Amino acid sequence: MTDREASLDRWLEQQLGAMEEALSSLVAINSFTDNVEGGRKVGDLLAREVFTAPGLESSRVSSTRYADHLVFRSAGKSGADPIALIGHLDTVFPPGTFEGYRTDGDLRRGPGVLDMKGGLVVVAFALRALAQVVGLDAIAPLRIVIVADEEVGSPEGQKIIQTAISGARDALVFEAGRKADLIVTRRKGTGAVTAIAEGKAAHAGNAHHAGANAIWALARFIDAAQKLTDYSRGITVNVGIVSGGQSKNTVPDRAEAKIDFRFEHAADGEAVFTARVLAAPTDEALSYLESLPGVAHKTAACVLVFSARTSTTLPVDTHLFRVADRLGLARHDGRNTAATRDRLIAALLAHGPDLALAHFVFLLVGRTTCIAGTPICGSCFLRPHCPHPHRPPRETQ
Ligand code: SF4
């Protein structure tokens, strides 16, 4: 051990009482993620009394949804790349479930002792020790972020961390390790989604046929979602909470499931989410896909028809519209509207179940024989079924 390390060690030994006091004060305040008031109190304590090493500047990123997020910085050694230290101040236990701080032999118990107010105390006192013995200007610049929404997936914290630690050489997270007390070098990605099924309520006795059972629909979705689990690739999907229905003799018109999924590789996480999107109701899936950069309605509809094999939407472009019109499948008012699309879907499904195949065939015909202007009807295999060659042009009808 070097003289400097011995000095750090001695200083920290003297701080054991202060560390315990800091931990007990933090744990005693409930900071369940949705308990904004409690989270703010913990944030105040951290900023004013715990992270007080000389050379640290503190700032807050205010939130209207959660407690404020905290950011600390040090100027550090000139020319050195920053090091990021990351943590969170929220915990998973709502008020009244698991509260208080207590001593149990060598152990300390309470919400956040492990995850991760204990880790925050370790960081704060390590920095105080460094500030005391060597000075924070003698080590790499520090970028410290303590978010208030980690337990719900960091919807705000993710962006705050990205911004605050930009350019950092390394990042250390001070959540506790596992039982063996080893350093954890990577963690799984996580995601959370809520699936909502909407049906139609009806009396289960005398009007069962008039209802649409949302719980049944959700059950099928849940079965498909759970099957996305692949232990060999580190992918898990867990439907953790299900609710819905009004009474046993009512066809339920609404049901909801909350789902947690975890993955080792970002691409797997994207794939699970995409699979979830593709299984969603068409309107919801369409609006999500259309919200992606560079994805317009036609592409989104193609994804749903060709990947999810949905039969409730169809990308009706000018070629498809023209062929359908000439074949008399899309009786319309001369415009390619949603009503035209729905009539065309119904007509195609009446001839066969594969909407994707029908789309492909119509597109091919539209680009080769049933072209705009004068169609090449003599070469068209659809001619026996097509009224167009035998009727006058539309303009004179
Ligand atoms: S017969 Fe002529 S008008 Fe009819 S679909 Fe074929 S190319 Fe088009």
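The values are calculated or read from the model by the stated rules, or taken from the named source; none is laboratory data. Note that this is a predicted model, so its numbers are computed, not measured. FYI the Cβ positions are ideal-geometry reconstructions off the backbone, even for glycines, and counts take in every protein chain you see.
Which of the strands (runs of 3 or more DSSP E) found entirely inside the stretch 51-161 contain at least 3 residues meeting this: more than 22 Å from ASN35 (Cβ to Cβ)?
It comes to 56-61, 69-74, 83-88, 142-147.
Please go through (1) touching a residue at least 40 places away in the same chain (Cβ under 8 Å); (2) under 25 Å from GLU270 (Cβ atoms); (3) assigned to a loop (DSSP other than H, G, I, E, B) for SER166 and return the number of the only condition it doesn't satisfy.
(1)
Output the residues belonging to the stretch 114-150 that are under 18 Å from LEU12 (Cβ atoms) and touching an Asp or Glu at 6+ places or on another chain (Cβ under 8 Å).
GLY119
For the stretch 333-378, how many residues are within 16 Å of the ligand (Cβ to nearest atom) and assigned to a loop (DSSP other than H, G, I, E, B)?
Residues meeting the conditions: 8.
Results for (1) modelled with pLDDT under 85; (2) assigned to a strand (DSSP E or B); (3) not acidic (Asp, Glu), shown as yes or no for each residue.
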{"residue": "ALA171", "(1), (2), (3)": "no, yes, yes"}
{"residue": "LYS179", "(1), (2), (3)": "yes, no, yes"}
{"residue": "LEU182", "(1), (2), (3)": "yes, no, yes"}
{"residue": "ARG187", "(1), (2), (3)": "yes, no, yes"}
{"residue": "ALA195", "(1), (2), (3)": "yes, yes, yes"}
{"residue": "ASN206", "(1), (2), (3)": "no, no, yes"}
{"residue": "ALA217", "(1), (2), (3)": "yes, no, yes"}
{"residue": "PHE221", "(1), (2), (3)": "yes, no, yes"}
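How about the stretch 304-331: which of its residues are surrounded by fewer than 20 Cβ atoms within 10 Å (Cβ to Cβ), among the β-branched types (Val, Ile, Thr) and more than 16 Å from the ligand (Cβ to nearest atom)?
THR312
For the stretch 364-379, what are the residues that are in contact with a Leu (Cβ under 7 Å, 6 or more places away or on another chain) and of a type outside the set (A, V, I, L, M)?
Answer for the stretch 364-379, where residues must be in contact with a Leu (Cβ under 7 Å, 6 or more places away or on another chain) and of a type outside the set (A, V, I, L, M): just GLY366.
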